[in-house]
Amino acid sequence: MKFILVYRYPEGYDVLTDPSANEAWEAYIRENVGPNVADPGWPVFEEATVVGNTAYPTKLGGYSVVDVADLDAAVALTERCPTLSKGGSVEVGPLVELPAAHPAEDLRRRMARP
């Protein structure tokens, strides 16, 4: 099963000014996400724009997609996530396979062509 891991930093935390952040994230990705990666994702360094209501007092930090057996395995991957030690969070959500006729699948096929 594929799961998205959405990394959220606490308000006021700036990963770019934290001297320990780069090493911590490299280790986390290499040791936890890497062996299970479906999409390594992208970091978010600029302030994100929220549309609608959000109950999170955090800001978007990035995401990864992993391929693991179940939700428990996906959650276990987050236990050493560097954002947790900074007061942030990781949102874990299952991704579903879409029918071949779905417009998003059509876009994926077109993007995959050379």
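In the range 17-114, if the dipole is taken from +1 on Lys/Arg beta carbons and -1 on Asp/Glu beta carbons about the Cα centre, which of Pro19, Ala74, Leu60 is farthest to the positive end?
The listed residue farthest towards the positive side: Leu60.
Using +1 at the C-beta of Lys and Arg and -1 at the C-beta of Asp and Glu, which of Gly87, His102, Pro35 has the Cα lying farthest in the positive direction of the dipole of the chain?
His102
Grab the DSSP H runs of the chain that are 4 residues or longer, score each as -39,500 (n - 2.57), total them, divide by all residues and round the 222 nm result to the nearest 500 deg cm²/dmol.
Details: 4 runs with 30 residues, N = 114.
Calculated at 222 nm, the ellipticity per residue is -7000 deg cm²/dmol.
Out of the range 22-114, which GluC sites (Glu not before Pro) are coil in DSSP terms and have no more than 16 other C-beta atoms within 10 Å? Before the final figure, lay out each step's value.
Numbers: sites: Glu23, Glu26, Glu31, Glu46, Glu47, Glu79, Glu91, Glu97, Glu105; in loops: Glu46, Glu47, Glu79, Glu97.
Passing both the DSSP loop test and the Cβ count: Glu46, Glu47, Glu79, Glu97.
Please list 3J(HN,Hα) in residue order for the range 10-22, calculated via the Karplus relation 6.51 cos²θ - 1.76 cosθ + 1.60 where θ = phi - 60°; whole Hz, with x for glycine and proline.
Calculated HN-Hα couplings, in order: x, 4, x, 7, 10, 4, 6, 9, 8, x, 8, 5, 4 Hz.
Quick check for me: using +1 on Lys/Arg Cβ and -1 on Asp/Glu Cβ, what's the dipole size of the range 1-52 about its Cα centre, in debye to the nearest 20?
320 debye
At 7 Å along Cα-to-Cβ for each site, give me the label-to-label distance between Ala48 and Leu84 in nm.
1.9 nm
Is any residue of the range 69-98 close enough, with backbone N under 14 Å, to a label point placed 7 angstrom from the Cα of Asp39 along the Cα-Cβ axis, and if so, which?
Counting backbone N atoms under 14 Å from the label point, the list is 93-98.
State, as an integer percentage, the relative contact order of the chain based on alpha-carbon contacts under 8 Å between residues 6 or more apart. Mind showing how you got there, number by number?
On the way: 159 pairs, mean separation 49.9, N = 114.
Reported relative contact order: 44 percent.
Once semi-axes √(5λ) of the Cα gyration tensor in Å is worked out from the coordinates, which option in [x] 24, 17, 12; [y] 31, 22, 13; [z] 26, 18, 14 does it equal?
Label of the calculated value: [z].
Determine the dipole magnitude for the chain: charges of +1 sit on the beta-carbon of Lys and Arg, -1 on that of Asp and Glu, nothing else is charged, the reference point is the Cα centre, and the result goes in debye to the nearest 20.
Values: 10 positive and 17 negative charges, 69 e Å.
Approximately 340 debye in magnitude.
Where only protein heavy atoms count, and the probe is 1.4 Å, what is the accessible area per residue for the chain in Å²? Don't jump to the answer; show the numbers that get you there.
Numbers: 7750 Å² over 114 residues.
Solvent-accessible surface per residue comes out at 68 Å².
Compute the length gained on full extension between Glu97 and Met1: take 0.36 nm times their separation in residues and subtract their Cα-Cα distance, giving the result in nm to one decimal. Show your work: numbers first, answer last.
Numbers: separation 96, 0.36 × 96 = 34.56 nm, distance 0.93 nm.
Taking Glu97 through Met1 to full extension adds about 33.6 nm, to one decimal.
Carbon-plus-sulfur fraction of the accessible area of the chain, 1.4 Å probe, in percent?
Working: 4420 of 7750 Å².
The nonpolar share, carbon plus sulfur, comes to 57 percent.
Express in whole angstrom the spacing between the alpha-carbon centres of the range 1-42 and the range 90-114.
Measuring centre to centre over Cα atoms gives 23 Å.
The values are calculated or read from the model by the stated rules, or taken from the named source; none is laboratory data. Nothing here was measured: the structure is a model prediction, and the numbers come from that model. Quick reminder, even Gly has a Cβ in these numbers, built from the backbone with ideal geometry, and neighbours come from all protein chains shown. Accessible surface areas use protein heavy atoms only, side chains included; no ligands, DNA or RNA. Shrake-Rupley method; radii C 1.70, N 1.55, O 1.52, S 1.80 Å.
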